[in-house]
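Computed from the coordinates by the stated procedures, all read-outs in this text should not be read as laboratory data. All figures in this text were calculated on a predicted structure; none of them were measured in a lab. Here the Cβ positions follow ideal geometry from the backbone for every residue, glycine too, while neighbour counts run over all protein chains shown.
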Amino acid sequence: MSVILVTGSYDHEIRFWEAWSGICSRTIARSGESGQVNRLAISPDKRLLAAAIHKKVYIYEITSTSSTPLTCLDAHTNNVTSVSFHSEGKWLVTGSEDGTIRIWDLRSTQVHRTYDNGAPVNDVCVHPNQGELISCDQAGCIKQWDLSENLCSHELTPAGDVPIRSVSLASDGSCLVAGNNKGKCYVWKINEEKSDLPRYQAVTKFSAHKKYLTRVLLSPDVKYLATCSADTTVKIWSISQNYEFRQEKVLQGHQRWVWDCAFSADSAYLVTASSDHTARLWEMASGETVRQYNGHHKAAVCCALHDGAG
């Protein structure tokens, strides 16, 4: 299992794919169960898959063939919109439309901490220093939560009350990108807490799509930004040393909304999930589809890829 590629759909199924052949190697059918799959995350050691399904998060063993989850995390009272593992894999961070962010201890499956955001949470990511979370919400706020002090230490509102749909942090902690419902992207340089400069220094903003934006994602090498949209495309933006974003490619092929994307560890490939029921693997250098994954019966709305070291 050197490459783990997973998609989730409104058809309630989770599918594992052989990345290069395009063959579906495993389906978690969840027959008779309600709730669509909202988000997926693979643990750093490639052992666990976390699936946000309606109000709950199910943890599956990746090497198993069973459709029965190892455990179910059940405390949110509305749709879980984001899920990510802490680097050690011992903690899971979730955000929900119930207005809370929760940190779960995977060893005890208990809620370790709850942050009250006050507005429906659309996305959460863990800072590479593993000591902070960045969330964005339906009220147009981006917040930094400190794991050590149990509080919100910074708040950004780049476009008033226009909902912020997605946030992405550079793997080296150098910058933060956020995308809102109107297709706009906002970029901040992240300065050291010890410096005299503001922690989040606004460096640029630009219009990425004319229609609804669903996801922003920085590549692991921090050279590119991918933006997904209701306009059926994914746009690839190059990032210069002084944070100038230039549109490099438009990935065209999906027939309907593109909901989610994931980069390969070497930033050479991108996986996307779309309402057209398919997922695609794109080669970044050419901007071409190199594989299509067919099998879902309804919209494919989330994907996860882990092809790095376990």
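The table below gives the values:
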read-out	value
Projected area averaged over orientations for the chain, convex hull of C-alpha atoms, nm²	14.5 nm²
Charge dipole (debye, nearest 20) of the range 52-108; +1 at Cβ of Lys and Arg, -1 at Cβ of Asp and Glu	40 debye
Cα-centred dipole magnitude for the chain, charges only on beta-carbon of K, R (+1) and D, E (-1), debye, nearest 20	640 debye
Cα→Cβ-extended label distance, 7 Å offset, between ASN150 and GLU248, nm	4.4 nm
Shape metrics for the range 38-120, restricted to C-alpha atoms - Rg then Dmax, Å	12.0, 39
Radius of gyration and maximum dimension Dmax of the range 71-221, Cα, Å	14.9, 45
Area projected by the alpha carbon convex hull of the range 169-224, averaged over all directions, nm²	4.0 nm²
Around CYS303: net Lys/Arg minus Asp/Glu count, Cβ-Cβ under 12 Å	+3
Two-site FRET efficiency, SER87 against THR65, from Cβ-Cβ distance with R₀ of 30 Å, rounded to 0.05	0.60
Local electrostatic count at SER274 - Lys and Arg +1, Asp and Glu -1, tallied over other residues with Cβ under 15 Å	+4
Lys, Arg +1 and Asp, Glu -1 on Cβ, resulting dipole of the range 7-88 about Cα centre, debye, nearest 20	60 debye
Under 16 Å from the Cα of LYS235 - lysines, other chains or at least 8 residues apart	LYS182, LYS184, LYS205, LYS210, LYS211, LYS223, LYS249
